[in-house]
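Right, one structure below, let's go through it.
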Amino acid sequence: MHYGGQVVDVPGITALARKYQLKVIEDAAHCCPAHYRENPSEPWKSVGTAADISCYSFYANKTITTGEGGMACTQEDALADRMRIMSLHGISRDAWKRFTADGSWYYEIVAPGFKYNLTDVASSIGLHQLRRADDLHRRRTALAEEYHRRLGTLEEVILPKAHPDRVHSWHLYVIRLKLDRLRIDRAEVIQQLKQRGIGTSVHWMPLHMHPYYRETYGYRPEELPQAAGLYPQIISLPLFPDMNEGQLDFVVQSLTEVLRAGRK
Ligand SMILES: Cc1ncc(COP(=O)(O)O)c(C=O)c1O
C-alpha cells in the first residue's frame, strides 16, 4: 500500500515476492498518478505496472473520482477474465456482449460471483477524470510544495517528503507534531483548527487499535510500536486541487498560531 501517494519500495517487494513465489496485490488507492524509478538513469514507471494486481480507488475523496468505485489492473489475461466474471455475478458474458446486434441472450453462471462492477455511468465520469489526472496532480504538487515552503521553518512539525526517485501523488499531506515540544496534544490542535473553520483528518488509527482487531485478536497498542507511536502525532492538512492560495495561507497562518501558542 502506497501511503498518501508515496510509492513504496516496489523493486524490493517484487524481489521478495519472486524469491518466495508470492503474488503481489498492490493497494494503489492513493496513487493515480504516482511514479517511481530504480535509479536516476532508469525511466520512470507508473504505479500499477509491477504488481500482479493493482487496485485503485475512485471514491469521492481520491485524486480522481467516479463518486464510488475503483479499478483493478493486471497484465495476466487469466486474472483479468476471473475478475471480470467474479465482479458480475459469475456470469460468463456481460450485458453489452449479450445485447449487441450479433449477440445472444444466452449466458451461464460459471462461479459464485459478486456485484462489484463499476457502473457505466461511473465509468463515463472516470474517462473524463482520467483526462484531467495530470492537471489535478500538478495542482496538488504545487500546493504540497507551497506547504513545504511555508511550514518548513515551523519547529513543532515534521513535514512529509517525497523519497528520491519517486513522484508523489500528494493524495494526502500528513504532518507529524513534535509532541515533546508542545503543551497541547493532537486532539487540541485539531479542535483549535476546527474552531477557525479548518477541517483536518487523521490517516489513520492503526488497525490493531480498532475494537474489532483489539477484541478479536487481543492486540495491545505497543505490539506494533511504530504505528502506535506515530498515531498521536499525525494530522492530514486540507489539500484539494481547487484549494486557492488564500485558503492555503489561512491554514498555514492558523496552524502556526495554534502551535506557537501551544509551545512548551
Ligand atoms: C489505502 C486505501 N485502500 C483502499 C481504500 C478503499 O477504497 P474504496 O473506498 O474505493 O473501496 C481506501 C479508501 O479510502 C484507501 O485509502
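Bear in mind that the values in this text are calculations on the coordinates, not laboratory data. Small disclaimer: the values here were computed from a predicted structure and weren't measured. Here the Cβ positions follow ideal geometry from the backbone for every residue, glycine too, while neighbour counts run over all protein chains shown.
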Residue list for the stretch 49-93, filter: polar (S, T, N, Q) and either free of Cβ contacts under 8 Å to residues at least 24 places away in the same chain or away from the ligand (no atom under 16 Å from the Cβ) (or both)
T49, N61, T74, Q75, S92
Looking across the stretch 154-194 at residues that are surrounded by fewer than 13 Cβ atoms within 10 Å (Cβ to Cβ) and under 18 Å from F240 (Cα atoms), the single one that is nearest to the ligand (Cβ to nearest atom) is K161
Need pairs with beta-carbon distance below 7 Å; first residue more than 15 Å from E156 (Cα to Cα) and within the stretch 222-242, second among the acidic types (D, E) and in a helix (DSSP H, G or I); sequence gap 6+ or separate chains.
A228/E222
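Do we find that R263 is free of Cβ contacts under 8 Å to residues at least 12 places away in the same chain and either in contact with an Asp or Glu (Cβ under 8 Å, 6 or more places away or on another chain) or more than 15 Å from R186 (Cα to Cα) (or both) in this structure?
Numbers: free of Cβ contacts under 8 Å to residues at least 12 places away in the same chain: no; either in contact with an Asp or Glu (Cβ under 8 Å, 6 or more places away or on another chain) or more than 15 Å from R186 (Cα to Cα) (or both): yes.
It is false that R263 is free of Cβ contacts under 8 Å to residues at least 12 places away in the same chain and either in contact with an Asp or Glu (Cβ under 8 Å, 6 or more places away or on another chain) or more than 15 Å from R186 (Cα to Cα) (or both).
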Out of the stretch 56-92, which residues are under 23 Å from D165 (Cβ atoms) and either touching a strand residue (DSSP E or B) at 6+ places or on another chain (Cβ under 8 Å) or small (G, A, S) (or both)?
Y56, C73
Give me the pairs, please: first residue somewhere in the stretch 132-149 and under 17 Å from F250 (Cα atoms) and free of Cβ contacts under 8 Å to residues at least 60 places away in the same chain, second residue anywhere and surrounded by 11 or more Cβ atoms within 10 Å (Cβ to Cβ) and aliphatic (A, V, I, L, M), beta-carbon distance under 7 Å, and either six or more positions apart or on two chains.
H148/L159
Members of the stretch 195-209 that are farther than 28 Å from P225 by Cα and surrounded by 13 or more Cβ atoms within 10 Å (Cβ to Cβ):
R196, I198
